[in-house]
1. What does the convex hull of the alpha-carbon atoms of the range 32-167 project to on average, in nm²?
2. Greater than 26 Å separation of Cα atoms is the criterion. Which listed pairs, 85/122; 3/122; 27/261; 8/134; 85/307, meet it?
3. Along Cα→Cβ, 7 Å out, is where each label goes; now give me the distance between the ones at residue 190 and residue 112 in nm to one decimal.
4. Based on the Cα gyration tensor of the chain, what are the three equivalent ellipsoid semi-axes, each the root of five times an eigenvalue, rounded to whole Å and given largest first?
5. What whole number of Å gives the distance from the Cα centroid of the range 92-154 to the Cα centroid of the range 185-263?
6. Mind jotting down the three principal axis lengths of the range 265-310 based on Cα atoms? Whole angstrom, largest first.
7. Mind checking which of 158, 335, 241 has the largest fluctuation in a GNM of the chain, springs on alpha carbons under 10 Å?
8. Any idea what % of Cα-Cα pairs in the range 114-267 are farther than 27 Å?
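Any read-out appearing in this document is the output of simple, stated calculations on the displayed coordinates, not a laboratory observation. Here the structure is a predicted model, which means the values were calculated and not measured. Positions of Cβ are generated from backbone atoms using ideal geometry, with glycine treated the same way; all protein chains shown enter the neighbour counts.
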Amino acid sequence: MLKAVYHKYLLNFKTPGGTSRGVMNTKKTYFVEVWDTENPMVKGWGEAALFEGLSCDDVPDYEQVLGAFCNKISEPSTLSDPTLKNFPSIRFALETALSDLNNGGKHIIYPSAFTQGTAGIKINGLIWMGNTGKMMLQIEEKLKAGFECLKLKISEINFSEEYKLISLIRSTYASQVLEIRVDANGAFSAENAMQRLELLAKQDIHSIEQPIRQGQWLEMSDLCLNTPLPIALDEELIGLNDKNLRNEMLEIIRPQYIILKPALIGGFSGSEEWIELASHLDIGWWITSALESNIGLNAIAQYTFTKNNPMPQGLGTGQVFTNNIPSPLALNGQNLYYSTNNWELDCIKGRL
């Protein structure tokens, strides 16, 4: 008989992370531990990577719902429970933990050359918001490390300064040498977004994520139809948990790309559905993590590798937290690898 429990955990940032929603010093998450009572030493682990203020399942009774699903983990219909549709981070945790358990509790969710340590995943380097000096320092560090693709978070408030920084980067590194992606997190208005896009296009920007806030389908559709550079939808996907609604949104907006964050869009089954819908409309995609711990990042990275997408992916490196879970994930240049199996999950309970 299967049993499950969850562990609440607070991740601490090494350096406060600047986003368009403010500065983050900590991030709350939940680890789900699953085992079979006939073989209790073998455990499967998943992460309910709730993102407060962004996840559609950020609700007051979240822990009660998570606990209820842990209590009924032995029921065959757990993953098909219709309630789970509205709790994508919990689905992500359960899918990961059950797959881990079924594969022997070795933290191998999707066996591949990646989990064997013989192949890596090319990722973009993330540049956090901050003053020009701090952002330039981050950029220089990423370039020295060998990154060929950088993603810069930009805002409406400091757009002019951030644009100067992008211009400075581009004056030194041509687009053939360095790919630049920007993420506005919905910071622009529908009225000034096109002006911003036209300026960014002059700097040979690869793409911009979510230029205006989600929910403005007609305005976003107009932007995507007339944009001088590709638009990737990010937050727009969050909260659309019905397949027909997902398809309707894609049909109306017709973006150039969508960005998949498994913990925010219904786990790996949700990601598969989005990929299927996008492929029918010739919409590109890539996968991004969303500040998960190494438990969640590990599962996302393993899934990402199996999709064989040649674009740089938006995966984190697990290095932004002071108390992350020790894992085999390691960065070598711009490639994320799964090295020796040095997981230390016993420390979770001791750090609660």
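1. 12.0 nm²
2. Distance filter (> 26 Å) returns 85/122; 3/122; 8/134.
3. Distance between label points: 3.9 nm.
4. One finds semi-axes of 34, 23, 18 Å for the chain.
5. 23 Å
6. For the range 265-310, the Cα extents along the three principal axes come out at 33, 23, 15 Å.
7. 158
8. 28 percent
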